[in-house]
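Report on the following structure.
The values are calculated or read from the model by the stated rules, or taken from the named source; none is laboratory data. Nothing here was measured: the structure is a model prediction, and the numbers come from that model. Note that each Cβ is placed from the backbone with ideal geometry, even for glycine, and that neighbours are counted across all protein chains shown. Calculation scope for accessible area: heavy atoms of the full protein, side chains included, ligands and nucleic acids excluded. Shrake-Rupley method; radii C 1.70, N 1.55, O 1.52, S 1.80 Å.
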Amino acid sequence: MTQAHEKTSAGGVVVRRDGIAEVCLIRPAGRRVWGLPKGGVEAGETLAQTAVREVAEETGLEGVVDDTLGTIDYSFYSREEGSRIHKTVHYYLMHSTGGDTADHDHEVSEARWVRIRDAMHLMTYPNEREMVRRAAESLGETVD
Ligand code: ATP
């Protein structure tokens with residue numbers, strides 16, 4: 001077996017609290033998945049800049065980074081590249097200073113504010129759920 005290619009992405013756990021704590025989730029186009037906005041690092045970008053750009057593209061929200069939340073990693077086979085990919089994703093705790101979830105790009109079917117408690121049920125990947133749990137903890141919210 002050939003060795004997996006390494007890829008790096010960055011994304012945001014964008015939270016708001018108007019009484020109820022909510023997180024912004026996305027449903028990528030053509031996939032039955034709810035998860036966090038994220039994407040690949042482009043040349044010249046810092047990881048935090050990638051996270052802010054991907055949040056803007058995928059959720060329509062202007063995000064500001066407040067803290068780091070940690071990284072997740074996973075492997076999958078890419079038919080496009082004909083090889084296994086090992087991907088590391090760096091997540092940032094963010095809040096939004098503007099924008100609208102209606103303004104997400106075409107790679108996303110829907111971007112939606114979801115109560116953090118509901119997000120824990122809706123989200124597809126346990127490793128992303130852990131990032132939201134950490135974000136909730138930093139807001140002083142309990143999720144389980
Ligand atoms: P990016 O948003 O970084 O540009 P992408 O949309 O091209 O990436 P991924 O979202 O990384 O691709 O999905 C590639 C594969 O990995 C899919 O099969 C997907 O189901 C799986 N995958 C995505 N996120 C996770 C995760 N958090 N844990 C495990 N597997 C995942």
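Quick rundown of the values:
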read-out	value
Qualifying positions in region 79-107 - open to solvent by less than 40 Å² (accessible area, probe 1.4 Å) and without any contact (Cβ under 8 Å) to a residue 40 or more places away in the chain	G98
Test for E81: is it modelled with pLDDT under 95, within 13 Å of the ligand (Cβ to nearest atom) and more than 21 Å from C24 (Cα to Cα)	yes
Residue ranges of strands (runs of 3 or more DSSP E) in region 1-97 with at least 2 members of a type in the set (S, T, N, Q)	5-18, 61-78
Residues that are over 18 Å from W113 (Cα atoms) and within 15 Å of the ligand (Cβ to nearest atom), drawn from region 1-31	A4, H5, E6, K7, T8, S9, A10, G30, R31
Residue within region 32-48 that is open to solvent by less than 50 Å² (accessible area, probe 1.4 Å) and more than 12 Å from the ligand (Cβ to nearest atom) present	yes
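Every residue, every condition in (1) over 14 Å from the mean Cα position of the chain (by Cα); (2) within 17 Å of H90 (Cβ to Cβ); (3) not small (G, A, S), yes or no:
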residue: A4; (1), (2), (3): yes, no, no
residue: R17; (1), (2), (3): yes, no, yes
residue: A21; (1), (2), (3): yes, no, no
residue: R27; (1), (2), (3): no, no, yes
residue: G30; (1), (2), (3): yes, no, no
residue: A43; (1), (2), (3): yes, yes, no
residue: Q49; (1), (2), (3): no, yes, yes
residue: D73; (1), (2), (3): no, yes, yes
